[in-house]
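Worksheet: the structure to be examined is printed underneath.
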Amino acid sequence: MKINVVISLKKEEWFSNIRTDVLAGLVVGLALIPESIAFSAIAGVDPQVGLYASFCIAVTIAFFGGRPAMISAATGALALLMITLVKEHGLQYLLAATILTGIIQVIAGYFKVAKLMRFVSQSVVYGFLNALAILIFVAQLPELNKMDNLGYLFVALGLAVIYLFPYIPRVGKLIPSPLICIVLLSLLALFLDSDMRTVSDLGHFPDTLPIFLIPEIPLNFETLAIIFPYSITLATVGLLETMMTTTVVNEVTDTEGDRHQECRGQGYANIVSGFMGGMAGCAMIGQSIINVSSGARTRLSTLVAGVFLLCLVVFLKDWLAYIPMAALVAIMIMVAFTTFNWNSVRNFQKHPKQSNIVMLAVVIIVLATHNLALGVFVGVLLSALFLVNKLESEVKVRSTLLNSNTRQYVISGQIFFSSSDKFFQFFDFKEIISKVEIDLTHAHVWDITSVNMLNSVVQKFKDQNIDVKVVGLNEASNTLIDRYNPL
């Protein structure tokens, strides 16, 4: 397998939207801080592990990713998978698992596993988005519970600024409203000298830039046996969330990204993160929505977000003391409402019952387990079962007596393993005739089970001394039958 590392330096992917991308990147950089610290706490590591990860991943993916304007960093979905590893083996094993996660993702990118996304139906995507929106909103409740009446007022004011500022003539479209929300509420909190929770209350920030380091672990099979199960899970969930986020960003921006390059880019980003003291991460749908909703369209926004994040926490961390958590809560509530697919609710009664069941199943599974990958897996499985049931019900047989000695069976539909039991019910093996013609002009034989099933029908007629002629096989069906069980 030939490996080529692709770094995107196309001018239009970097500098075609400079002002808006820089401003959007600043907003995202600020919003990444509390989430990175919170995800570090979930995983059981120091806040700087999540902050370093978000910086390294965002900067790396800006160059190596396949989807401009998408934000990747430390995420809650992956943090939940790290808890046991950190608790039982410590940080060094987490860093090693992060590096191995990246290697697996790079390999997956070259084998083009992103093609599997075509099996994810629109109903699954809606369920994924709705569940994620609810999780994002619920994640703000602990912070809301710590607020007093002034805090609630600040959140309401922040939401008003976010939604109303874009309608102000001339300036409304020049500056992203989430950035205005952060600046305005910070100045107001400073003016009122209020005792409100700020970003600095979430934990201690690092004092130095991240440095290259090799995880201090034994390099043997026992270590690999420990980290590999975690790495394969992290890689799978990370790629799944990344591909789902890519789909959403593609729809919002009406553009297409390179999914295979994005898989490889995520792998390179995690390798860099592991060697720089960070945890594994992936694409963040919430921050990506903030970014593209603020007008970002190029890789510059992702780079600015990562660099600005590091500059804030290392060089300008004293300034963060003035940013009230109410401002960031308001932004995340906006993200939740933007992420939720409201059309799936408005058109609920118009959509097919099976689609609604799939969507609701994904939402329920994700909310019950907080596992986005499990929810999507269940959704894909249900979609496949409904499809199989639909195809099975569409198999039709028309029986015609051509003359006193010949019966014709005209079969239409998709013949595969699911319809095997039902298939025999179409034929009358006790009828007193001498010839049977099975017309498959309007049918397609899909698998070995179908071939054996058709052969059994033919053999059962022959056992009754009835001549059987199979006609109308298309080229693919005929090839399959000749290969596995020639009639």
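Only the coordinates and a few stated rules stand behind these numbers; no lab work does. Bear in mind that the values here come from a model prediction, so they are computed numbers and not experimental data. Neighbour counts run over all protein chains shown; Cβ positions are idealised from the backbone, glycine included.
Please sort through the DSSP H helices of the chain and keep those with an alpha-carbon extent of at least 30 Å along the long axis and a Kyte-Doolittle average not below -1.0. Membrane-span-like by this criterion, though nothing is claimed about a membrane: 18-43, 221-253, 372-393. Close amide H pairs (under 5 Å, H built 1.01 Å from N) link Thr198 with Met325, residues at least 5 positions away or on another chain. The charge dipole of the chain, taken about its Cα centre with unit charges on the Cβ of Lys, Arg, Asp and Glu (plus for the first two, minus for the last two), comes to roughly 1180 debye. Relative contact order, whole percent, for the chain stands at 26, derived from Cα pairs under 8 Å and 6 or more residues apart. Give Lys435/Lys462; Lys115/Lys350; Lys435/Lys460 a once-over and call out the pairs whose C-alpha atoms are over 19 Å from each other. Exceeds cut-off: Lys115/Lys350.
With neighbours defined as other Cβ atoms within 10 Å of a residue's Cβ, the residues Leu116, Leu480 order from fewest to most as Leu116, Leu480. The distance separating the Cα centre of region 251-282 from that of region 327-391 comes to 24 Å.
Rounded to 0.05, the FRET efficiency of the Leu144 and Thr255 pair, given R0 = 41 Å and the Cβ-Cβ distance, is 0.70. Between amide H atoms placed 1.01 Å from N, distances below 5 Å from Val470 occur with Ile438, all of them 5 or more places distant or on a separate chain.
From the helices alone, meaning DSSP H stretches of at least four residues, give me the mean residue ellipticity at 222 nm for the chain, per-run term -39500 (n - 2.57), in deg cm²/dmol to the nearest 500. Write down the numbers at each step before the final one.
Values: 19 runs with 296 residues, N = 487.
Estimated from H runs of four or more residues: -20000 deg cm²/dmol.
Here the 3J(HN,Hα) profile of region 401-408, calculated from phi with Karplus coefficients 6.51, -1.76 and 1.60 at θ = phi - 60°, is 8, 5, 7, 5, 10, 10, 10, 10 Hz, Gly and Pro shown as x.
Distant-in-sequence amide contacts of Ser72, defined by a placed amide H-H separation under 5 Å and a gap of 5 or more residues or a different chain, comprise Met284. Taking packing as the residue-averaged number of other Cβ atoms within 10 angstrom, the listed peptides 66-72, 452-458 run from highest to lowest as 66-72, 452-458.
Ranked for footprinting exposure by Cβ neighbours inside 10 Å, fewest first, Thr400, Thr242, Thr406 give Thr400, Thr406, Thr242.
Among Asn130, Ala384, Ile33, whose Cα lies farthest out toward the positive end of the dipole of the chain, if unit charges sit on the beta carbon of Lys, Arg (+1) and Asp, Glu (-1)? Sorting the options by dipole projection puts first Ala384.
What you get for region 233-311, charging only the Cβ of Lys and Arg (+1) and of Asp and Glu (-1), is a dipole of about 220 debye around the Cα centre.
Region 173-246 and region 71-97 have Cα centres lying 12 Å from one another.
Projected over every direction and averaged, the convex hull enclosing the alpha-carbon atoms of region 395-484 yields 5.2 nm². Loop-located GluC sites (Glu not before Pro) in region 141-224 (DSSP state not H, G, I, E or B) with no more than 15 neighbouring Cβ atoms inside 10 Å: Glu216. Taking 0.36 nm per residue of separation and subtracting the Cα-Cα distance, full extension of the segment from Asp447 to His351 would add 31.4 nm.
A P(r) calculated from all alpha carbon pairs of the chain, with 10 Å bins opening at zero, reads 4, 17, 24, 20, 13, 9, 7, 4, 2, 0 percent.
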